[in-house]
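Notes to accompany the following structure.
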Amino acid sequence: MVNSDLLRCCTLLQVKDSECLKFADNALAVAEHAGIHHLISKSQFYRGLSLIEWKRYKEASYAFTRAASVRDWEGNVCKWKTAAERMFRIEAIMEENDKTLVLYDEDPDEYWDDHDR
C-alpha cells in the first residue's frame, strides 16, 4: 500500500498534479501506523518533493529532515533540503523587498532582481 501510493505520488509529480501530496500523506499515515521506519522516511521524502512543487518550502525542508534517516536517500535528501531552504529564503527576500528574483542556472547562489536589467 505504501509503495503504491508513493508510485502514484511520483507519477503525479511528473505532471504537476496537486493530488500528489495526498498520496504521499496517505503513504506516511499507513507507514506510521505500521511502524515501518524506512517507509516513513521514504514517505517524508516524497512529501518534501510534493511540497516543493507547491512552493511550501518551509514544510518541505521539515519533511526532508524527517526523511534523512534512510541511508538510501541521504544524498538526495540533502540536495532537496538545501533547495527548499534556499527557495524559502529567496521568497522571504522577495516579499521583504517587493522584487522579482531570477536565478542563474550556472550558479544557483547568484541571483538578480528586476532592477538589475
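The loop-placed chymotrypsin sites (Phe, Trp or Tyr not before Pro) in segment 27-61, going by DSSP, that have at most 16 neighbouring Cβ atoms within 10 Å of their Cβ come out as TRP54. Under the simplified labelling scheme, the THR82-SER4 pair shows an inter-label distance of 3.8 nm, with each label point 7 Å from Cα along Cα→Cβ. Projecting label points 7 angstrom from Cα along Cα→Cβ for ALA29 and LYS58 puts them 2.5 nm apart. Using C-alpha pairs under 8 Å with a sequence gap of at least 6, the mean separation divided by the residue count of segment 19-91 gives a relative contact order of 27 percent. In the assembled protein chains, VAL15 presents an accessible area of approximately 100 Å² (probe radius 1.4 Å).
The values are calculated or read from the model by the stated rules, or taken from the named source; none is laboratory data. As the structure is a computational prediction, the values presented were derived from the model and not from experiment. All Cβ positions, even for glycine, are placed from backbone atoms using ideal geometry, and neighbour counts span all protein chains on display. Please note that ligands, DNA and RNA were not included when accessible areas were found on the heavy atoms of the full protein model with its side chains. Shrake-Rupley method; radii C 1.70, N 1.55, O 1.52, S 1.80 Å.
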